Amino acid sequence: MGLKGRDVISALDFSRAEVEELFRLAERLREEIAERRILDYARGRLMATVFMEPSTRTRLSFTYAMIRLGGAVVDFGPEAATSRAKGESLEDSLRMVDGYGPDVIVLRQGTPGMAEKVAEVCEAPVINAGDGWNEHPTQALLDVYTIWRELGRVDGVTVGIMGDLKHGRTPSSLSYMLSLFDGVKIWYIAPDPLQIRPEVVERVEGRVEYSKTSKLEDVIEELDVLYVTRLQKERFPDPEEYERLKGSYRVDADFLRKFRKIPIIMHPLPRVWELDESVDSLPQAKYFEQAVNGMYVRAALVKEILGI
Amino acid sequence: MGLKGRDVISALDFSRAEVEELFRLAERLREEIAERRILDYARGRLMATVFMEPSTRTRLSFTYAMIRLGGAVVDFGPEAATSRAKGESLEDSLRMVDGYGPDVIVLRQGTPGMAEKVAEVCEAPVINAGDGWNEHPTQALLDVYTIWRELGRVDGVTVGIMGDLKHGRTPSSLSYMLSLFDGVKIWYIAPDPLQIRPEVVERVEGRVEYSKTSKLEDVIEELDVLYVTRLQKERFPDPEEYERLKGSYRVDADFLRKFRKIPIIMHPLPRVWELDESVDSLPQAKYFEQAVNGMYVRAALVKEILGI
Amino acid sequence: MGLKGRDVISALDFSRAEVEELFRLAERLREEIAERRILDYARGRLMATVFMEPSTRTRLSFTYAMIRLGGAVVDFGPEAATSRAKGESLEDSLRMVDGYGPDVIVLRQGTPGMAEKVAEVCEAPVINAGDGWNEHPTQALLDVYTIWRELGRVDGVTVGIMGDLKHGRTPSSLSYMLSLFDGVKIWYIAPDPLQIRPEVVERVEGRVEYSKTSKLEDVIEELDVLYVTRLQKERFPDPEEYERLKGSYRVDADFLRKFRKIPIIMHPLPRVWELDESVDSLPQAKYFEQAVNGMYVRAALVKEILGI
């Protein structure tokens, strides 16, 4: 694979062959880790994690991934406790981190497109772990890896992505990565003001079949996968509208049992009210596995980027 | 010892034989660490630390313990900088951590009884490092280990536990662990509104002899150990009452020197005004040793739980 | 070298010979790290980092330094998430950390002179990583190391130190370390109310030649090094005075190009407006190298203190 030394900024930075190779490598690492717990691939290698915005899952799963590979991780620290409070620019902060010579930098920050700029000034490969509402390519990797593991294929699947599609980076990166495969159908399920951004569908146009709806009930029986995301109150101009709509974007076991077929249920987590705990015990609930898959596929990605 | 893979939720989860075995192992580890600094027992093993409430001493001593054993530690990070801010439930957060496959999870959080619930959903053994006012079993381990080291025995000792006994988890866990030994006498020294909770004395009833008092002076000469804890202003309904009582629950060198016999002085730390720095230079002051003992006995516990 | 086990509190704790030996060792470590990434010198050794005030650069560069040497680092954690919030004294906190047996403690805190007090109660060697406005000796080490690397010598150089000289610890420590060398000339460039503190010039009196000025333009062509630091708005009693003066203490590429000779430009970073990004592309800009030099010279210092 040609991933050695490469920056990962967008889900579209990967070819289909690369993605599939990463999935197979994640499967092998899963077995090796089950057997030996901590491997030797990254012995003597350093990952720098820089999270300018809160994250637990992504930060921890990259950290565990690197430690499982045998490497070391140095975290930049929570933003409040750092010089960023003194007004330093993101570029300066990252140039500093890069100067200490890490083998890979994992970066989350709030400005769309900034991950790319930072990658240009850094010698180390940069992995975009979320740049505002723009992209989160390794989330897409673990999402599609989960579909691949659970359904045995990605070609031809029908995926419903539900919630606040407008402000999320998960729906965009997931759409991009699904577009690498053949015959995928996406249902974007959201109230009109929170529907998918035009630039996202433009980029997948002609490569996936997609439709929009505001009603989950109308399409759920078509879906192989229902990907639930949060609907945030603060996004609604009118709070009454929010209260009125809330119920339509909430999934619980009783609701799901009304349909002839229940798709596998995914969620990037953390969840709040939109995905009820009653769903946890259904065999279709795959979100906890999905989170764990993140560690393995990120380990695979890091291994390839380090060329080890 | 049968501690391999076991959760540690309450001080009563241990038998006397297990506790004594841990103390002896702590002594052996102390010697090995003095000689070789970092050991190999936990090579390739991972500890996850999750502190949802502030802690320095407990978090650091578990961290040093694991590193001294040769293992690695991944901290969940300060709560404010995490998805918990997004409203995720504690169970979801811990299920995620557990999914990354740590060999042991050390958890502090504020809800009494919640450590047990979390332990049920986690595959990894969970060590309760404080669940609100309820329990802090490894604090009790290091407390009783300190008594055992300093006095050469635990059977038959008389221990005064002073301060806010009602709201503290230290007095309850210490009482439970002392009740594993024979002939222990406990004096609960506190103003009436802050006396020990009924359910605590019920659980030790018939296994330790205990009495309550509000006056340290009356009982100090009987004590082998005086265990000082904080008296918190915010616990008093009447602030004037607090100011009036304050002096009676404060220990300094001048006060101690008034008595024929000075017991060994312990404190879980951090201390504020209740234990004056003038005590530090007395030979009976054992609280700094007590803190250090925490690292060794926690290392012993982790070693046994990991079965290494 | 006799640095083994020594505390580092002031830039004047070093002899010239020791400083030069550290620079040569930093050069050797740079080559070894380029070749092998993580070395074995500090295998089995522990560094405790305690930052009671925000820091990114210093904390990270010590952390990377220790990891590059093959050792482990345990951070005390951000202050807000610790027992310090409960009112524990700094001495008690450090006594605790010291009790866990680290091989070296790196401490930043806000009270001038407190690093020395803490060093007295700790068994482990203590490195002062900033004690309020007082000193920051390892910053001086990396500053002078940068001059030595860039100019090939320190003797006889002329250094302009500009900005808020009164409240900064960087100008004092840098002055002290420069005074170990022969024939150094220092220009202190600042508005009168922010000029260098009298006790600083008293300590270098007779060992360096120095003058004060409020005008950079008047002296810049004399300088081999221009060391820029921040001018903080909150330091000015009169905000209008600040706005009026601001331009005189700001360096950009257009300004520099007006002079016949441009000195090398240094800055402890983080920078805000006082050092414009237009300077970054000039060959004289050395502040990013300076930051990276910090990792190597700190690695050299730690190696010597540990005696490994």
Selected residue (criterion: farthest from A:Leu69 (Cα to Cα)) from residues of the range B:3-45 that are outside any helix (DSSP H, G or I) and hydrophobic (A, V, I, L, M, F, W, C):
B:Phe14
Starting from residues that are of a type in the set (Gly, Ala, Ser) and modelled with pLDDT of 95 or more, keep the ones in the range C:224-280 and report whichever is farthest from A:Leu90 (Cα to Cα).
C:Ala253
Which members of the range C:159-177 meet the condition of being over 12 Å from C:Val200 (Cα atoms) and of a type outside the set (Val, Ile, Thr)?
C:Gly160, C:Met162, C:Gly163, C:Asp164
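Condition check: closer than 23 Å to B:Ser93 by Cα and of a type outside the set (A, V, I, L, M). Does A:Pro78 satisfy that? Before the answer, list the steps.
Working: closer than 23 Å to B:Ser93 by Cα: yes; of a type outside the set (A, V, I, L, M): yes.
For A:Pro78, the condition - closer than 23 Å to B:Ser93 by Cα and of a type outside the set (A, V, I, L, M) - is met.
Looking at B:Ala124, B:Ala119, B:Ala129, which is the one that is closer than 24 Å to B:Thr58 by Cβ, touching a residue at least 40 places away in the same chain (Cβ under 8 Å) and crowded, with 23+ Cβ neighbours inside 10 Å? Walk me through it before giving the result.
On the way: B:Ala124 fails: crowded, with 23+ Cβ neighbours inside 10 Å; B:Ala119 fails: crowded, with 23+ Cβ neighbours inside 10 Å.
Only one candidate passes the filter, namely B:Ala129.
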Only one of B:Arg57, B:Arg43 that is among the basic types (Lys, Arg) and either over 22 Å from the mean Cα position of the chain (by Cα) or within 14 Å of chain A (Cβ to nearest Cβ) (or both)
B:Arg43
Residues located in the range B:1-17, provided they are under 21 Å from B:Trp148 (Cβ atoms) and either of a type in the set (S, T, N, Q) or modelled with pLDDT of 95 or more (or both):
B:Leu3, B:Val8, B:Ser10, B:Ala11, B:Leu12, B:Asp13, B:Phe14, B:Ser15, B:Arg16, B:Ala17
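Results for (1) farther than 15 Å from B:Thr63 by Cβ; (2) touching an Asp or Glu at 6+ places or on another chain (Cβ under 9 Å); (3) in contact (Cβ under 8 Å) with a residue 12 or more places away in the chain, shown as yes or no for each residue.
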| residue | (1), (2), (3) |
| --- | --- |
| C:Thr49 | no, yes, yes |
| C:Glu53 | yes, yes, yes |
| C:Thr63 | no, yes, yes |
| C:Val74 | no, no, yes |
| C:Gly77 | no, yes, no |
| C:Gly87 | yes, no, no |
| C:Val104 | yes, no, yes |
| C:Gln109 | yes, yes, yes |
| C:Met114 | yes, yes, yes |
Is it the case, given these coordinates, that A:Leu216 is under 30 Å from A:Arg244 (Cβ atoms) and crowded, with 22+ Cβ neighbours inside 10 Å?
no
Within the range B:282-292, the count of residues that are not hydroxyl-bearing (Ser, Thr, Tyr) and not in a loop (DSSP other than H, G, I, E, B) comes to 6
Out of all the residues in the range B:166-177, is one or more touching a helix residue (DSSP H, G or I) at 6+ places or on another chain (Cβ under 7 Å) and within 14 Å of chain A (Cβ to nearest Cβ)?
no
When both residues are 6+ apart or on different chains and their Cβ atoms are under 9 Å apart, which pairs have a first residue that lies in the range A:283-294 and is in contact (Cβ under 8 Å) with a residue 60 or more places away in the chain, and a second that is buried (at least 20 other Cβ atoms within 10 Å of the Cβ) and assigned to a strand (DSSP E or B)?
A:Lys286/A:Val225; A:Lys286/A:Ile264; A:Lys286/A:Ile265; A:Lys286/A:Met266; A:Gln290/A:Met266
Which one is farthest from B:Pro270 (Cα to Cα) among residues in the range C:74-83 that are facing chain B (nearest Cβ under 7 Å), touching a Phe, Trp or Tyr at 6+ places or on another chain (Cβ under 9 Å) and at pLDDT below 85?
C:Pro78
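The values are calculated or read from the model by the stated rules, or taken from the named source; none is laboratory data. Being a predicted model, the structure only gives us computed values, none of them experimental. Backbone-built Cβ (ideal geometry, glycine too); neighbour counts: all protein chains shown.
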